[in-house]
Amino acid sequence: MRLSFRRIIFLVLVLLSLSLSILLLQSSTTLKQRWNEAWDTEKFDLDSYKAHNLETRRDFHYINYLYSGYYNFTKVFGNDIDRIKQTPLKDKCNVYFNQFYQRNPDWRLFTHNSPDYRFDKSSDKKHLFFKEEQKRLEDKFKKEKRGTDEQFVLTRQDNRTISNQFKEHIARSKEIMYEMADVTTSLRVYGKCFVDQPELDDNQKKTFDDLSSKFFPFLSQQLPMFKVQGEDRSTGWPIIKDDGSVEYKSDVVGENYIDFVKKHSKGKGIVISAATRHAKDVMKLVMILRALNNELPIQIMHKGDITKRSLEWIENAATADVAELLNPDTDTNQGSYMPELKLLESYKDFGSYFPKQNLQFVNIINCINKKYKFHFPGYSNKILAVFFSSFDEVLLLDADTVPLTPPKDFFESQEYQKSGTYYFQDRSLRDTNDFIETNFFTTLSPANEKSIDTLFDIPRITEKTLNNKYMTGWRHYQEAGVVAFKKSQHFMGLLMMFPLMLWTEPVHSSIWGDKELYWIALSAAGDENYEFNPVSAASIGEKTTLSNRKFYPNSPSNEVCSTHPGHVNQDGKLLWINSGFGYCKKNGYFRDRTKFPFSVFDKDELSQLYSSPLQIRAALVPPDLPRFRQPGNPVDDEPEEQFKRSWRFRQKDIDEINEKLPQGAQRTEFITEWGPQKGWVKSSICFGYYYCAYDKVQSYSADKEFDEGRLFEFDEQSVKMYNYLSKVWNTAALRKPGFSKSST
Ligand SMILES: *[C@@H]1O[C@H](CO)[C@@H](O)[C@H](O)[C@H]1NC(C)=O
Ligand SMILES: *[C@@H]1O[C@H](CO)[C@@H](O)[C@H](O)[C@H]1NC(C)=O
């Protein structure tokens with residue numbers, strides 16, 4: 001086409017007037033609104049929200065994640081994957097970390113504690129986000145217009161503001177997730193390049209040191225202080241020399257902390273993290289360990305937050321003569337509980353010889369830089385305890401756990417022998433988690449074929465992770481009251497726990513403390529060689545025999561109600577229980593006396609029950625639930641929503657019926673018309689710690705009547721042993737603060 005001068009002038013004029021009118025439109029607010037409205041097609045209804053949620057899940061799905069430096073990395077090798085695979089590791093490491101430094105020379109592990117830079121777990125729940133924000137607007141309106149009778153009206157503009165806010169949240173959440181996944185990717189590569197290598201040259205050492213201070217900026221140069229019982233002075237970290245002599249080190253100046261802990265963690269032992277409030281439980285636990293003839297050394301890890309007097313009590317429990325410990329004259333409980341069982345006279349009959357315990361108190365307060373002091377949530381103490389313990393093979397015990405088998409058995413278990421870990425499963429409660437959570441943890445793990453991990457021969461996670469209870473939609477998988485862990489074998493997994501611990505959200509609200517961290521961190525490190533006890537948590541106590549005390553008197557199911565979860569191994573042997581040995585660790589009988597089934601107890605029986613240790617005669621393991629979510633995080637949540645909806649058509653359990661009772665309505669005490677619908681039914685007894693467990697639950701599949709769990713009943717000899725241990729745990733002959741030397 002020939003462009004004449006006239007045509008050009010005409011075109012320019014048209015363009016000018018067009019842009020002018022746009023400018024005009026934009027500058028006047030009412031016109032602007034019209035303009036926006038003309039383009040505004042966004043819909044605000046449930047179906048649109050759902051469609052959007054699906055889109056977000058598709059977008060967030062772990063399959064889309066690729067390390068941000070992936071293409072820069074492969075470019076160096078001419079994008080030739082085979083060539084990369086054949087390149088020596090050392091050279092690949094060089095390229096990777098050179099680029100890492102180039103991109104962000106000042107990088108350090110971030111903590112993301114700021115409230116306005118946070119992963120938002122409602123990213124795939126647009127409907128909820130809207131509901132909350134709309135409510136917030138309404139509340140604000142009502143507050144401002146209090147006293148007037150103006151009605152709150154939600155405008156389209158309000159909806160659009162919320163929508164924009166939501167878009168920002170989603171974008172930020174994805175950014176944070178990818179940022180975190182980049183960190184775990186780089187940490188895996190760091191492990192492969194430096195931690196797992198037997199020899200490093202000087203250059204590599206320099207990089208290793210520098211990277212270690214970037215990934216673990218909270219580590220000071222101080223080592224923990226070890227105080228051996230009976231001695232007033234502390235020593236540093238014990239280093240066992242080739243000739244068997246020991247040297248003590250108090251800092252790692254001039255060395256690499258990570259390398260130091262890996263090299264110098266030696267031997268096997270029990271590790272307990274404790275503060276003053278745990279002292280009484282620790283003392284009781286030490287008594288149990290003596291009764292079980294434990295010979296493993298014990299390290300009690302603290303942050304200087306345990307009083308000198310508590311240390312003295314615990315030491316006394318560990319070293320006092322058995323005649324003093326079991327002295328009937330000082331045991332004020334002696335008469336009230338199993339008076340016929342005389343501990344001092346009969347402990348040998350139970351095979352106990354009460355060896356003195358080898359105890360060390362380990363203060364780790366100076367190992368964490370002051371700046372990071374408040375970054376570690378309370379539950380992280382246990383993970384710090386494992387890391388800073390000088391043992392390589394650690395049996396990590398919560399202060400209120402009670403082992404019922406000698407601790408060395410945990411190390412001798414088939415599971416530990418096979419994997420260097422022995423983990424335990426939690427109660428299989430019918431609590432679900434969300435796509436966004438399981439997807440987040442999978443994104444943090446080496447999950448994709450196309451990934452940096454593949455190029456570095458880092459193993460990808462398999463069905464073992466993707467098909468486990470948590471990843472298939474259940475909230476509770478691990479119970480971490482007892483964890484056996486070989487540090488040298490799972491060192492990268494241990495290091496991976498640190499970022500997970502420091503990133504409060506979304507980790508914190510997705511896994512309840514440290515509970516699930518032990519397996520998640522290992523999977524995230526590409527290490528799936530961990531083993532769980534195959535039997536889920538059991539309810540430990542006595543089978544309900546009197547039918548007027550049963551919650552489902554007409555059900556064929558057995559019932560064991562208790563505040564104590566416990567763990568039975570494959571052979572039906574009871575290994576440990578949780579929450580001490582008391583009947584209820586939270587309160588006395590008075591608060592619970594009107595609640596069924598205690599309402600049908602006579603008063604003396606009930607007060608006796610609450611003041612006595614738990615009677616162990618049975619362990620009931622309810623059936624596991626079927627998968628809630630299919631492995632691999634399907635983006636379509638309709639199947640799981642459907643499964644959840646189907647629960648509404650089941651009968652209700654006591655806990656559901658009583659949950660949202662209208663005021664003044666009668667609580668349901670027991671149900672005669674049907675049987676239990678869940679394996680674990682919660683009660684308000686003992687501050688909500690009380691659960692009843694069932695081994696015949698109305699099935700979740702159509703082809704049978706019941707899903708079946710397992711009931712283990714213990715023989716007379718075992719019951720006697722548990723009674724004996726409960727009495728040891730409950731003995732009051734231990735030195736108390738009032739009697740301690742330092743107080744006189
Ligand atoms: C990739 O390399 C280019 C050029 O060196 C650099 O500008 C860019 O930031 C790098 N991108 C990433 C994600 O590392
Ligand atoms: C705003 O959104 C809600 C749903 O979140 C919808 O019910 C309402 O009709 C919308 N209001 C306007 C004016 O668009």
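The table below gives the values:
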| item | result |
| --- | --- |
| Scan of the stretch 74-92 for residues that are in contact with a helix residue (DSSP H, G or I) (Cβ under 6 Å, 6 or more places away or on another chain) and within 11 Å of ligand 1 (Cβ to nearest atom), ordered by number | V76 |
| Identity of the residue in the stretch 90-127, part of a helix (DSSP H, G or I) and farther than 24 Å from K75 by Cα, that ends up nearest to ligand 2 (Cβ to nearest atom) | H127 |
| Enumeration of residues in the stretch 128-166 that are within 10 Å of ligand 2 (Cβ to nearest atom) and of a type in the set (A, V, I, L, M, F, W, C) | F129, F130, V153, L154, I162 |
| Failed criterion for N64 (all others in (1) within 16 Å of ligand 2 (Cβ to nearest atom); (2) surrounded by fewer than 13 Cβ atoms within 10 Å (Cβ to Cβ) hold) | (1) |
| Residue in the stretch 70-89 that is farthest from ligand 2 (Cβ to nearest atom), counting only those that are touching a residue at least 24 places away in the same chain (Cβ under 8 Å) and over 18 Å from G191 (Cβ atoms) | K85 |
| Residues that are of a type in the set (F, W, Y) and assigned to a loop (DSSP other than H, G, I, E, B), drawn from the stretch 527-557 | Y530, F551, Y552 |
| Single unsatisfied condition, V95 versus (1) away from ligand 1 (no atom under 16 Å from the Cβ); (2) under 30 Å from T207 (Cα atoms); (3) crowded, with 16+ Cβ neighbours inside 10 Å | (1) |
| Candidates L292, L311, L326, L285 - the one that is buried (at least 19 other Cβ atoms within 10 Å of the Cβ) and out of contact with any Ser or Thr (no Cβ under 9 Å at 6 or more places or on another chain) | L311 |
| Where T207 falls short, out of the listed (1) at negative phi; (2) assigned to a loop (DSSP other than H, G, I, E, B) | (2) |
| Pairs with Cβ under 6 Å, 6+ apart, first in the stretch 630-656 and within 17 Å of T56 (Cα to Cα) and among the hydrophobic types (A, V, I, L, M, F, W, C), second modelled with pLDDT of 95 or more and surrounded by fewer than 17 Cβ atoms within 10 Å (Cβ to Cβ) | V635/R58 |
| Residues of the stretch 329-367 satisfying the condition of being part of a loop (DSSP other than H, G, I, E, B), surrounded by 19 or more Cβ atoms within 10 Å (Cβ to Cβ) and at pLDDT 95 or above | S352, F354, Q357, I364 |
| All positions within the stretch 281-311 that are farther than 22 Å from S390 by Cβ and within 25 Å of the chain's Cα centre (by Cα) | D281 |
| Answer from V719, V697, V681 - the residue that is within 13 Å of D655 (Cβ to Cβ) and not in a loop (DSSP other than H, G, I, E, B) | V681 |
| Odd one out for L725, checked against (1) modelled with pLDDT of 95 or more; (2) surrounded by 19 or more Cβ atoms within 10 Å (Cβ to Cβ); (3) closer than 19 Å to L620 by Cβ | (3) |
| Residue under evaluation K131, criteria (1) at pLDDT 95 or above; (2) surrounded by 16 or more Cβ atoms within 10 Å (Cβ to Cβ); (3) over 30 Å from P631 (Cβ atoms), criterion not met | (2) |
| Filter result (in contact with a strand residue (DSSP E or B) (Cβ under 8 Å, 6 or more places away or on another chain) and under 22 Å from Y722 (Cα atoms)) within the stretch 409-424 | D409, F410, F411, S413, F424 |
| Residues located in the stretch 557-596, provided they are within 22 Å of V719 (Cβ to Cβ) and touching a helix residue (DSSP H, G or I) at 6+ places or on another chain (Cβ under 7 Å) | T563, G580, F581, Y583, C584 |
| Some residue of the stretch 190-197 being touching a residue at least 12 places away in the same chain (Cβ under 8 Å), surrounded by 14 or more Cβ atoms within 10 Å (Cβ to Cβ), in contact with a strand residue (DSSP E or B) (Cβ under 7 Å, 6 or more places away or on another chain) and of a type in the set (G, A, S) | no |
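Per-residue answers, yes or no, for (1) surrounded by 17 or more Cβ atoms within 10 Å (Cβ to Cβ); (2) of a type in the set (F, W, Y); (3) modelled with pLDDT of 95 or more:
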site: I657; (1), (2), (3): no, no, no
site: K660; (1), (2), (3): no, no, no
site: E669; (1), (2), (3): no, no, no
site: P676; (1), (2), (3): yes, no, yes
site: Y689; (1), (2), (3): yes, yes, no
site: D707; (1), (2), (3): yes, no, yes
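Conditions tested, residue by residue: (1) of a type in the set (S, T, N, Q); (2) surrounded by fewer than 22 Cβ atoms within 10 Å (Cβ to Cβ); (3) over 14 Å from the mean Cα position of the chain (by Cα).
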| residue | (1), (2), (3) |
| --- | --- |
| L466 | no, yes, yes |
| K486 | no, yes, yes |
| T544 | yes, yes, yes |
| Y552 | no, no, yes |
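The values are calculated or read from the model by the stated rules, or taken from the named source; none is laboratory data. All values reported here derive from a predicted model rather than from experimental measurement. Methodologically, a virtual Cβ is constructed for each residue, glycine included, from the backbone with ideal geometry; neighbour enumeration extends over all protein chains shown.
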